[in-house]
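The values are calculated or read from the model by the stated rules, or taken from the named source; none is laboratory data. Treat the numbers as computed from the prediction; the structure is a model and nothing was measured. Every residue, glycine among them, receives a Cβ derived from its backbone with ideal geometry; neighbour counts consider all protein chains shown.
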Amino acid sequence: MSKQIQEHNSLELGVYLHIPFCSSICHYCDFAKTAHWDDELKNRYLNTLNTHLKSWLHYLKQEAGQVSIITVNIGGGTPSLITHGYEGIFSSLAPYLSPDCEVSLEANPNDCSLENLKIWKNCGFNRISVGVQTFQEKGLSFLKRDHSRSKAIKSMEACGAYFENTNLDLIYSWPSQSLGEWLEDLELAQKLNCKHFSLYNLTYAQGTPIGRARQRGKIIEPRDESQEQLYYSAMEYLAKYGFEHEEVSNWSKKGFSCKHNWLYWQGKPYLGVGAGAHGFLPGKSPIGVRYHYTRRERSFRQVDASTGNPFEDFAPLIEIEQRDEEAYLLELLGSSLRSSRGLDLQDIKTRTGKSFCPNAELELAMENKLLTLDKDRLYLHPKEWFREVHWCLKLSECFEYES
């Protein structure tokens, strides 16, 4: 593909970098990761990651004229296993970073020592996201987390000493979890003065240990009604403490919304680099170009020669996702509809040529305030974000080309 990026005067985008290394494997995780690594593999991977990053940024600058990075998120895996190793990556990013760029690191509680936090702060990170998942010891055991309740608490207290902008991840609806235990997790998280929460309903991904256990009948997944009760209780509890409900799984204090997340939710461009990383960039078509890297960290390597076009140079390592306007519409419905900013109908019309034409069922939903149409934006009631797949299918049938 000789020219994937359209000519622009400038391009604003986010950057996602994937670090696949973990000290142990959690039984629910289906991300690209490995616990089998050594310093040699880690250092080779980081050098390759930086080489790929520089190649992409040079290409994007050549195509767009000017590139401004407005968010950076380093995820995994467990990126907090690395402390001093990010200097080269920040050197490559520095010429492109916007003055108010949000720079996030995903971290494990075991790695959040005061020494490490200071190193990350000095390196250039200004936001930290900690994967606590639960404060309940039995939940930590089921999820195969390698930290304790007390370690999680101490780590979040330490994070507050260096980072004002902190996120805490929690997982709910694991087997045998009670409503009281969930509310206790929320109360403790709130008292730790975090500015942002990501609360995820446990999923049993195919191929993960808990996914296989459920398939064999070893684990019984909580009923939908129970999962909804936990979700609605989180909505009610966090609203009392001034948290804004941004998206089905995300809440924040005013001024601490995660900018990087909104790129995903609103169909904005972001560069993804690393094993298993996904990216979405502007292209010849209005619906843009989605691609992803191979998940195998040992297959993520340097290239022998460069043409100046990463889509060509990294062809053995990346796959361009074949999409049409229908696929793009479902993507945007699935991400935007479950957020507080809703769906931009004018953007859909510009990209696909289709306009929103509600049928009788959706007209009734709007009468009942489950859906709200305000100018060129469509909003789904937050209590329905939990059922966004249901609404996506219904809404996808109500976009038509104008005659």
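Tallying residues that are more than 26 Å from ILE128 (Cα to Cα) and free of Cβ contacts under 8 Å to residues at least 12 places away in the same chain within the stretch 214-249 yields 8.
Restricting the stretch 107-129 to residues that are charged (D, E, K, R) and buried (at least 20 other Cβ atoms within 10 Å of the Cβ), which is nearest to ILE70 (Cα to Cα)? Ranking the qualifying residues of the stretch 107-129, first place goes to ARG127. In summary, helices (runs of 4 or more DSSP H) completely within the stretch 167-263 and bearing 1 or more residues that are among the aromatic types (Phe, Trp, Tyr) and surrounded by 14 or more Cβ atoms within 10 Å (Cβ to Cβ) occur at 179-191, 224-240.
Per-residue answers, yes or no, for (1) of a type in the set (Val, Ile, Thr); (2) farther than 28 Å from GLN206 by Cβ:
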position	(1), (2)
ILE19	yes, no
THR48	yes, yes
LEU53	no, yes
LEU57	no, yes
LEU60	no, yes
ILE74	yes, no
LEU81	no, no
GLY85	no, yes
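The set of residues from the stretch 37-82 being closer than 20 Å to GLY279 by Cβ, of a type in the set (Val, Ile, Thr) and in contact with a strand residue (DSSP E or B) (Cβ under 8 Å, 6 or more places away or on another chain) comprises VAL67, ILE69, ILE70, THR71, VAL72, ILE74. Summed over the stretch 243-295, residues that are among the basic types (Lys, Arg), over 14 Å from the mean Cα position of the chain (by Cα), at pLDDT 95 or above and closer than 30 Å to GLY353 by Cβ total 1.
Part of a strand (DSSP E or B) and surrounded by 12 or more Cβ atoms within 10 Å (Cβ to Cβ): is that true of LEU378 in this structure?
Numbers: part of a strand (DSSP E or B): yes; surrounded by 12 or more Cβ atoms within 10 Å (Cβ to Cβ): yes.
Against the criterion (part of a strand (DSSP E or B) and surrounded by 12 or more Cβ atoms within 10 Å (Cβ to Cβ)), LEU378 qualifies.
Go through (1) in contact with a strand residue (DSSP E or B) (Cβ under 7 Å, 6 or more places away or on another chain); (2) in a helix (DSSP H, G or I); (3) charged (D, E, K, R) for GLU102 and report which single condition fails. Only one criterion is unmet by GLU102, namely (2). For the stretch 264-280, taking the residues that are touching a strand residue (DSSP E or B) at 6+ places or on another chain (Cβ under 7 Å) and among the small types (Gly, Ala, Ser), the one that is surrounded by the fewest Cβ atoms within 10 Å (Cβ to Cβ) is identified as GLY276. Of all the numbered requirements in (1) touching a Ser or Thr at 6+ places or on another chain (Cβ under 8 Å); (2) touching a residue at least 24 places away in the same chain (Cβ under 8 Å), LEU395 misses one, and that requirement is (1).
Could you run through the stretch 305-325 and say how many residues are part of a loop (DSSP other than H, G, I, E, B) and within 21 Å of GLN62 (Cβ to Cβ)?
Residues of the stretch 305-325 part of a loop (DSSP other than H, G, I, E, B): 305-309, 314-317, 321-324.
Now drop any that are not within 21 Å of GLN62 (Cβ to Cβ), which leaves 305-309, 314-315, 317.
Within the stretch 305-325, residues that are part of a loop (DSSP other than H, G, I, E, B) and within 21 Å of GLN62 (Cβ to Cβ) number 8.
Which ones in the stretch 14-33 are of a type outside the set (A, V, I, L, M) and part of a strand (DSSP E or B)? The answer is GLY14, TYR16, HIS18, PHE21. With respect to the conditions (1) without any contact (Cβ under 8 Å) to a residue 24 or more places away in the chain; (2) surrounded by 13 or more Cβ atoms within 10 Å (Cβ to Cβ), LEU345 lacks only one, and its number is (1).
Taking the stretch 70-103 only, how many residues are crowded, with 18+ Cβ neighbours inside 10 Å and touching a residue at least 60 places away in the same chain (Cβ under 8 Å)? Selection size over the stretch 70-103: 10. If I filter the stretch 35-49 for residues that are of a type in the set (S, T, N, Q) and part of a strand (DSSP E or B), do I get at least one hit? Among the residues of the stretch 35-49, not one is of a type in the set (S, T, N, Q) and part of a strand (DSSP E or B), which makes the answer no.
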